[in-house]
Amino acid sequence: NGGRINVAIDGPAGAGKSTVARRVAEQLGYIYIDTGAMYRAVALAANRAGVLPSDADRLAELVKTVDITLEPGADGQIVRLGGENITTDIRSREVTLKVSEIASHEAVRLRLVEMQRKLAEAKGVVMDGRDIGTHVLPGAEVKVFLVASVQVRALRRYQELSEGELVPLEQLEQEIADRDRSDESREFSPLVRAKDAEVLDSTELTIDQVVAHILDLCRTKTAEAK
Ligand code: CDP
Ligand code: CDP
């Protein structure tokens, strides 16, 4: 594997995982994989097929045939569903409100985790999600659990909203807290810090500071891996 390692970045919504994971991958010349986007793609596919987030049987059927592909693009990862570029569609509020329940089903997780492990086989991957360090890549050389206060996370998301989708900050904060609770309390691979993950609180850190810190951890491990 040429001294390459795998990097797992987990944590709650809006902690900065995808932003920093993408930059770390760029700096290292690694592949960035946003696993949340894969769960969002399943949620979008279910929505389009009229499958309810609570319908375990139909979701199990749907994930068997769903064709999700990830490819690197100029502004980050491009997600396709049956060839169609759905990178923007999976960020909709509709998908965001349904994805956590969709992701709680065992059949959905089994299928996506299998894909994620394949993508990381050759090493040289930075993967972000909720269960990467604990379940998907328990052997990842670097594991970070990125957190931040719910107020700051809601504010970060609020600042990303376009004019057409404005919702009150308080409502966004409530929705993020609800999704965290749902992700933390589900039965199959819930959101929890891996014992060997380093907790990084980004509440008062800039993106550059978080990236620099993770790159430091990676340099130490890469030197060891050689
Ligand atoms: O970007 P944001 O933090 O809003 O969420 P995301 O990373 O796109 O993930 C969306 C949802 O997918 C999460 O709230 C989880 O319910 C689910 N997810 C998961 O269960 N396991 C993962 N490894 C990644 C995401
Ligand atoms: O992937 P996750 O849901 O954990 O968060 P994200 O989508 O990467 O980050 C949410 C927003 O917070 C982005 O707009 C980042 O630019 C911003 N951010 C920040 O302001 N300060 C940080 N230390 C990290 C992220």
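Only the coordinates and a few stated rules stand behind these numbers; no lab work does. Just so you know, these numbers come straight off a predicted model, no measurement behind them. Cβ: placed from backbone, ideal geometry, glycine included. Neighbour counts: every protein chain shown.
The Rg/Rh ratio of the stretch 102-215, with both radii computed over alpha carbons and Rh defined as the Kirkwood radius, is 0.99.
Using the Cβ-Cβ distance between T65 and T206 with R0 set to 35 Å, the FRET efficiency works out to roughly 0.25. Springs between Cα atoms under 10 Å define the GNM used for the chain, and in it the highest mean-square fluctuation of Y39, Y158, Y30 occurs at Y158. Report D for the chain in µm² per second (integer): Stokes-Einstein, Kirkwood Rh on Cα pairs, 20 °C, 1.002 mPa s. For these conditions, the coefficient is 120 µm²/s. Between E160 and E198, the simple label model (points 7 Å from Cα in the Cβ direction) yields a spacing of 2.4 nm.
Projecting the Cα atoms of A60, V42, G76 onto the dipole axis of the stretch 7-93, where Lys and Arg carry +1 and Asp and Glu carry -1 at the beta carbon, places G76 farthest toward the positive end.
Rounded to the nearest whole Hz, the Karplus-based 3J(HN,Hα) values (6.51 cos²θ - 1.76 cosθ + 1.60, θ = phi - 60°) of the stretch 22-38 follow the sequence 4, 5, 4, 4, 4, 4, 8, x, 9, 8, 9, 10, 9, 6, x, 5, 6, with x at glycine and proline. Comparing L112, L161, L81 in a Gaussian network model of the chain where C-alpha atoms under 10 Å apart are linked, the largest mean-square fluctuation is found at L161. With θ taken as phi - 60° and the Karplus curve 6.51 cos²θ - 1.76 cosθ + 1.60 applied, the whole-hertz 3J(HN,Hα) list for the stretch 105-120 is 7, 4, 4, 5, 5, 4, 5, 6, 5, 4, 4, 5, 5, 4, 4, 9 Hz, x standing for glycine and proline. Per-residue Karplus couplings for the stretch 42-54, computed as 6.51 cos²θ - 1.76 cosθ + 1.60 with θ equal to phi - 60°, are listed in order as 5, 4, 5, 4, 5, 4, 5, 8, x, 8, 6, x, 8 Hz, Gly and Pro entered as x. Computing FRET efficiency as 1/(1 + (r/R0)^6) for D216 and A107, where r is the C-beta to C-beta distance and R0 is 35 Å, gives about 0.35.
Is there a pair in K17/K195; K98/K221; K123/K195; K64/K221; K64/K195; K64/K143 whose C-alpha atoms are over 26 Å apart, and which pairs would that be? Each step should come with its number before you reach the end.
On the way: K17/K195 18 Å; K98/K221 37 Å; K123/K195 21 Å; K64/K221 37 Å; K64/K195 32 Å; K64/K143 30 Å.
Table pairs above 26 Å Cα-Cα are K98/K221; K64/K221; K64/K195; K64/K143.
Here the dipole of the chain is about 620 debye; that uses its Cα centre as origin and unit charges on the Cβ of Lys and Arg (positive) and Asp and Glu (negative).
Between A49 and S149, the modelled labels are 4.3 nm apart [label points 7 Å from Cα along Cα→Cβ].
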